[in-house]
Amino acid sequence: MRTREQWTVFVIAVLFLACASPYADAASASQAKWTILIFMNGDNNLEPDALINFKQLSRVGSSDAVNVVVQFDRIAKYDHSFGNWPQTLRFRVTKDMDPLPANALEDIGEADMGDGKVLADFVLWGMQKFPAKHYMLIIWDHGQGWRLFTANLLRRARTVSKSRAIAPADNARGLRAESVLVRNADGVASSQGQTAPFRSAPGAPYRSVSNDETNQDVLYNRKIQDSLEEALHGKKLDVIGFDACLMSMIETAYALRNIGDYMIGSEELEPGLGWKYDDWLKAVEANADADGETLAKVTVDEYKQTYTAEATADPATTLAVFDLTKTAQLAKAVSDLGTSLTAKLDSELQGIIEARSSTMTYAPGYDFYHVDLGEFVRQLANKTSDQNVLSNIKTIQNVLSAGVVANYAGQDRLGAYGSTGLAIYFPATERDHLNDPYSEGGYEKDNTYFPVQFVQNEKWADFLHAYWSRVP
């Protein structure tokens, strides 16, 4: 029998354990294996797709092994189903749950999903309320289409015959997809409701991701980096995934290198359907004992299955996993290449121009300027005989080979696109850079508006500016 003093010590110990950090008892048998944190920003014209994806999640729901936790912001403008609520709700998604306020764990009012502190607060809340051995953060987002969709659609129609980057068949398919924007609960064309054609970044993808239309704000990558570095105190999430367009870039990986082990992203635009969450969650549940690398690979495999299936086939899709522990090594190799090219610009200029022109730009016709890093250096290797440049290229290729641990690219994004898994910003001319409608000065070394750390710290921007001075 315990004495009063012994009972006092016992109660204090229990209370201490109950209040401990979610990291402190991560290996506890009573915890889930995974907590999936989905930052779902439907506060824009992807609201219908957000509701579709939520219902896909609820077809499977959470389990003892896997918690599916969603912070869901709506705008009550583009879809009026499920109560037409406009605020931000937090859910632990269970089987057959509807996205209704009555089913939410918390109603946090109108949250700015373009605010890094809002993201960090959700991540910490989810980890503390649903501790697990592993954590995955998915940033579900949209942007560019909310403000430029109509303009892009009209311009795309006008330039069908002018753009060398878009084949006639691609144009026909793209214009059909953008003029009949309706999907059923599976994301297949129907007459049930209107959705956006792409899940896009609100600006240059090396800079920003989630757009909150109500608050007129975007989630700059620097906001993600700074807020989560501060919140996690040196700890890392197992996986950070972007259910978004164009986010698989070295600039994005660089921003995440201290807050995650693996990054999942697409080099290309994502369809409005995005990840098919019912099939994906079934696969996650079946692999609940997996580590971060394995679960990230499962995600890519499920994405591939979705966009190679007959009903949802899209050969212009991509998705890759990058090992963020390789980021520093890759950034140094890219800096070394940039330094070598800058020093040898007189002799290497023509080869650089030819290599860049031979490497296709993603999101053709939409004024984005990033290319596959692996394909560009492969093309460059065929244009140079300089041993320093060739050595730099070989190092980049070796690090990419080790760092890209899973990669899917549809047939239309092979060939001159390369699609080896990770892209880099590279407008072909100074004019392209100056006319980039999304850059907001992000590739200027002296920029102070949510500066891109890769631009600040590494030498790729120095090379680009030297190159552009010769290629107006």
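The values are calculated or read from the model by the stated rules, or taken from the named source; none is laboratory data. Being a predicted model, the structure only gives us computed values, none of them experimental. Quick reminder, even Gly has a Cβ in these numbers, built from the backbone with ideal geometry, and neighbours come from all protein chains shown.
Regarding the stretch 339-352, can at least one residue be identified that is under 20 Å from the mean Cα position of the chain (by Cα) and either assigned to a helix (DSSP H, G or I) or crowded, with 22+ Cβ neighbours inside 10 Å (or both)?
No, the stretch 339-352 contains no residue that is under 20 Å from the mean Cα position of the chain (by Cα) and either assigned to a helix (DSSP H, G or I) or crowded, with 22+ Cβ neighbours inside 10 Å (or both).
Among the residues of the stretch 280-308, which ones are without any contact (Cβ under 8 Å) to a residue 40 or more places away in the chain, in a helix (DSSP H, G or I) and over 19 Å from residue 410 (Cα atoms)?
Scanning the stretch 280-308 gives 283, 286, 294.
Tell me whether the stretch 71-85 contains one or more residues that are part of a strand (DSSP E or B), touching a residue at least 40 places away in the same chain (Cβ under 8 Å) and surrounded by 15 or more Cβ atoms within 10 Å (Cβ to Cβ).
Within the stretch 71-85, one or more residues are part of a strand (DSSP E or B), touching a residue at least 40 places away in the same chain (Cβ under 8 Å) and surrounded by 15 or more Cβ atoms within 10 Å (Cβ to Cβ).
Can you name the residue in the stretch 30-56 that is of a type in the set (Phe, Trp, Tyr) and either assigned to a strand (DSSP E or B) or touching a Leu at 6+ places or on another chain (Cβ under 7 Å) (or both) and is also surrounded by the fewest Cβ atoms within 10 Å (Cβ to Cβ) among such residues?
If we take residues in the stretch 30-56 being of a type in the set (Phe, Trp, Tyr) and either assigned to a strand (DSSP E or B) or touching a Leu at 6+ places or on another chain (Cβ under 7 Å) (or both), then 39 is surrounded by the fewest Cβ atoms within 10 Å (Cβ to Cβ).
When you look at residue 364, is it surrounded by 17 or more Cβ atoms within 10 Å (Cβ to Cβ) and either within 23 Å of residue 208 (Cβ to Cβ) or touching a Ser or Thr at 6+ places or on another chain (Cβ under 6 Å) (or both), yes or no?
So residue 364 passes the test.
Checking residue 366 against (1) modelled with pLDDT of 95 or more; (2) at negative phi, which single condition isn't satisfied?
Of everything listed in (1) modelled with pLDDT of 95 or more; (2) at negative phi, residue 366 misses just condition (1).
Can you name every residue in the stretch 358-376 that is more than 20 Å from residue 392 (Cα to Cα) and assigned to a helix (DSSP H, G or I)?
Result: no residue meets the conditions.
I'd like the full set of residues that are in a strand (DSSP E or B), surrounded by 24 or more Cβ atoms within 10 Å (Cβ to Cβ) and touching an Asp or Glu at 6+ places or on another chain (Cβ under 9 Å), limited to the stretch 238-259.
Across the stretch 238-259, the qualifying residues are 239, 240, 242, 243, 249.
Can you tell me which of 469, 385, 401 is at pLDDT 95 or above, polar (S, T, N, Q) and under 19 Å from residue 248 (Cβ atoms)?
It is 401.
Which members of the stretch 404-416 meet the condition of being touching a Ser or Thr at 6+ places or on another chain (Cβ under 8 Å) and in a helix (DSSP H, G or I)?
Passing the criteria: 413, 416.
Going by the conditions given, is residue 413 more than 24 Å from the chain's Cα centre (by Cα), of a type in the set (Lys, Arg) and modelled with pLDDT of 95 or more?
It is false that residue 413 is more than 24 Å from the chain's Cα centre (by Cα), of a type in the set (Lys, Arg) and modelled with pLDDT of 95 or more.
Give the residues of the stretch 256-275 that are closer than 19 Å to residue 34 by Cα and not hydrophobic (A, V, I, L, M, F, W, C), sorted by residue number.
260, 261, 262
Return yes when residue 231 is out of contact with any Cys (no Cβ under 9 Å at 6 or more places or on another chain), farther than 30 Å from residue 417 by Cα and at pLDDT 95 or above and no when it is not.
Yes: the conditions hold for residue 231.
State all residues of the stretch 92-119 that are crowded, with 20+ Cβ neighbours inside 10 Å, touching a helix residue (DSSP H, G or I) at 6+ places or on another chain (Cβ under 8 Å) and outside any loop (DSSP other than H, G, I, E, B); if no residue qualifies, say none.
If the condition is that a residue be crowded, with 20+ Cβ neighbours inside 10 Å, touching a helix residue (DSSP H, G or I) at 6+ places or on another chain (Cβ under 8 Å) and outside any loop (DSSP other than H, G, I, E, B), then 116, 119 are the ones that fit.
Can you tell which of 357, 385 is of a type in the set (S, T, N, Q), more than 19 Å from the chain's Cα centre (by Cα), surrounded by fewer than 17 Cβ atoms within 10 Å (Cβ to Cβ) and under 23 Å from residue 435 (Cα atoms)?
Result: 357 is the single residue among 357, 385 that is of a type in the set (S, T, N, Q), more than 19 Å from the chain's Cα centre (by Cα), surrounded by fewer than 17 Cβ atoms within 10 Å (Cβ to Cβ) and under 23 Å from residue 435 (Cα atoms).
For the stretch 375-407, which residues satisfy the criterion of being over 17 Å from residue 360 (Cα atoms), touching a residue at least 12 places away in the same chain (Cβ under 8 Å) and in contact with an Asp or Glu (Cβ under 9 Å, 6 or more places away or on another chain)?
Residues satisfying the conditions are 384, 386, 388, 389, 392, 395, 396, 402, 403, 404, 405, 406.
If residue 431 passes every condition in (1) modelled with pLDDT of 95 or more; (2) under 24 Å from the mean Cα position of the chain (by Cα) but one, which one does it miss?
Here residue 431 clears every test but (2).
Counting only residues that are farther than 29 Å from residue 407 by Cα, give me the helices (runs of 4 or more DSSP H) lying completely in the stretch 420-472 with at least 2 of them.
Per the criteria, 430-434, 460-470.
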